[in-house]
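The values are calculated or read from the model by the stated rules, or taken from the named source; none is laboratory data. These numbers were taken from a predicted model, which means no experiment stands behind them. So basically every Cβ, Gly included, is an ideal-geometry build from the backbone, and we count neighbours across all protein chains shown. These accessible areas exclude ligands, DNA and RNA; they are computed on the full protein's heavy atoms, side chains included. Shrake-Rupley method; radii C 1.70, N 1.55, O 1.52, S 1.80 Å.
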Amino acid sequence: MNNPVLSWFGIVRLGLVQTGLGAIVVLTTSTLNRVMVVELAMPAILPGALVAIHYALQVLRPAWGHGSDLGARRTPWIVGGMAVLATGGLMAAVATAWMTTHPLFGIALAVAAFGLIGVGVGAAGTSLLVLLAKRTDDNRRAAAATIVWVMMIAGFIVTTGVAGHLLDPFSPARLIAVSGSVSVAAMVLTLVGVWGVEGNAVAAAQPRLMDLPRRSSFREAFIEVWTEPKSRRFAIFVFVSMLAYSAQDLILEPFAGAVFGFTPGETTKLSGIQHGGTLIGMALVPLVGAIYPRARGNLQVWTVGGCLASAIALLCLTAAALIGPAWPIRENVFMLGVTNGAYAVAAIGSMMALVGAGGEKREGVRMGLWGAAQAFAFGIGGFLGTLASDIARYLLTSPTLSYAVVFASEAGMFVVSACMAVWIHRAPARSAMRQGSAGDMRAAAIAGGAR
């Protein structure tokens, strides 16, 4: 690696960017969601459609990654993306406040605001992960992924807690003031996080870029990355596994209410148990790596194991749907959180490890491709989970059976994901062996001809 390796402090600094990103996103997708539905009595489909816009625009992540590849600088894209995100977050709050007096104008502004949010998240997030991947030592990647994702979740927790306190008693002016403060804080965290991180490495990289005969178009760069077997397979793996990961988000609480008779407060606590398990699962990967150094860099094993363990947890939820209140649902949900957390960190670590594989100067396009696959999976995952639940209930005329079918289907997707994770790593190795064998045969033939 030509670039200097990030210290632990440097990794934490870059994690501040993820904290700011998480703070704005959770405020716009969670708090504004509640305000629209409860305080403004808007239909729930409105915030759902706005969040879908935010995810849909992230399919452009490969294009933004290509832009950062051409300039060989990630910092302007991170800072610029965060500025767009912060602007979109403030605009979304203004739009929500405007809905109280002029609903149509407010909704139109909200559509534009959530478009900016999607652009900002994609531009900043893609370049941040590329920068982190290129500057992190191989053995630290799992720990680095844990640090930045835990810091993002910390941004969720702190923002919802502080904003919830400051928004009472609710008023449109308070909403705008709180959102503006969060946007400013996120920009400050971003500037502190990236200040001076690239510096010398970028200066050294510029002459190499100027030596290139021409700059390839985005279409050429994307086709080049898509034709790389490992990049294409990993994109499919990310989509399938993240689809399984996100499909239970919107049905877990209704499931607990319908099958176990939980109150709204109890289902909210159940989600808290799951998120706590996710944090523990994320911390588990680097913790085991610290105790057993051989396991530290083996992200393939953690990815496959996390997928299979998540499948087992979902199969246990399938049993919970069939058995009912006698099942230890809280322990089961905690187990699901732990397994999902371990899988997520391992998958993100693998993403960071693989981003430099293949053609030169394509790291941003690769990371963008995988980020787009993840965003697309998250965007449709919750919708497909609820749709599958409704269809199963209609066909089976039983809520318990419908939930059991959906959870079992998600478990099946995680098993498929585990098989794909093995396939990603083994297929290139087999190809290399075949090429090596063919090369040996050609060498032997040449040697025989020489004799």
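Residue by residue, here is whether (1) at pLDDT 85 or above; (2) open to solvent by less than 20 Å² (accessible area, probe 1.4 Å) holds:
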residue: F262; (1), (2): yes, no
residue: M282; (1), (2): yes, yes
residue: P286; (1), (2): no, no
residue: Q300; (1), (2): no, no
residue: C307; (1), (2): yes, yes
residue: A320; (1), (2): yes, yes
residue: I329; (1), (2): yes, yes
residue: V333; (1), (2): yes, yes
residue: L336; (1), (2): yes, yes
* To do: State whether one or more residues within the stretch 422-433 are at pLDDT 85 or above and assigned to a helix (DSSP H, G or I).
  => yes
* To do: State all residues of the stretch 151-173 that are closer than 30 Å to A346 by Cα and modelled with pLDDT under 85; if no residue qualifies, say none.
  => I153, A154, G155, F156, I157, V158, T159, T160, G161
* Test A86 against the stated conditions and say whether it is small (G, A, S) and either closer than 23 Å to G20 by Cβ or not in a helix (DSSP H, G or I) (or both). => yes
* Structure fact -> For the stretch 122-151, pairs from a residue that is in contact (Cβ under 8 Å) with a residue 24 or more places away in the chain and of a type in the set (S, T, N, Q) to a residue that is outside any helix (DSSP H, G or I) and surrounded by 24 or more Cβ atoms within 10 Å (Cβ to Cβ), with Cβ under 8 Å and 6 or more apart or across chains, are S127/R74
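Only one of A377, A373, A347, A411 is open to solvent by 10 Å² or more (accessible area, probe 1.4 Å), of a type in the set (A, V, I, L, M) and in a helix (DSSP H, G or I). Can you tell me which? Spell out the reasoning first.
On the way: A377 fails: open to solvent by 10 Å² or more (accessible area, probe 1.4 Å); A347 fails: open to solvent by 10 Å² or more (accessible area, probe 1.4 Å); A411 fails: open to solvent by 10 Å² or more (accessible area, probe 1.4 Å).
Only one candidate passes the filter, namely A373.
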* Asked: Which of (1) open to solvent by less than 10 Å² (accessible area, probe 1.4 Å); (2) touching a Phe, Trp or Tyr at 6+ places or on another chain (Cβ under 7 Å); (3) closer than 19 Å to V178 by Cα; (4) not basic (K, R) does L50 not meet, given it meets every other one?
  -> (3)
* Asked: of a type in the set (G, A, S) and open to solvent by less than 10 Å² (accessible area, probe 1.4 Å), is that true of A56?
  -> no
* Do any residues in the stretch 175-191 that are under 16 Å from V121 (Cβ atoms) have Cβ atoms under 7 Å from those of residues that are open to solvent by less than 20 Å² (accessible area, probe 1.4 Å) and among the charged types (D, E, K, R), where the two are at least six apart or on different chains, and which pairs are they? -> none
* To do: Select from the stretch 145-176 the residues that are within 14 Å of V35 (Cβ to Cβ) and small (G, A, S) and list them in ascending order.
  => A163, G164, S171, A173
* Asked: Residue check: is A41 open to solvent by 40 Å² or more (accessible area, probe 1.4 Å) and part of a helix (DSSP H, G or I)?
  -> no
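So that you can scan it fast, the table gives a plain yes or no per residue for (1) closer than 17 Å to L27 by Cα; (2) part of a helix (DSSP H, G or I); (3) open to solvent by less than 10 Å² (accessible area, probe 1.4 Å); (4) among the aromatic types (F, W, Y):
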| site | (1), (2), (3), (4) |
| --- | --- |
| A63 | no, yes, no, no |
| V79 | no, yes, no, no |
| A97 | yes, yes, no, no |
| T100 | no, no, no, no |
| T126 | no, yes, yes, no |
| N139 | no, yes, no, no |
| M151 | yes, yes, no, no |
| T159 | yes, yes, no, no |
| H165 | yes, yes, no, no |
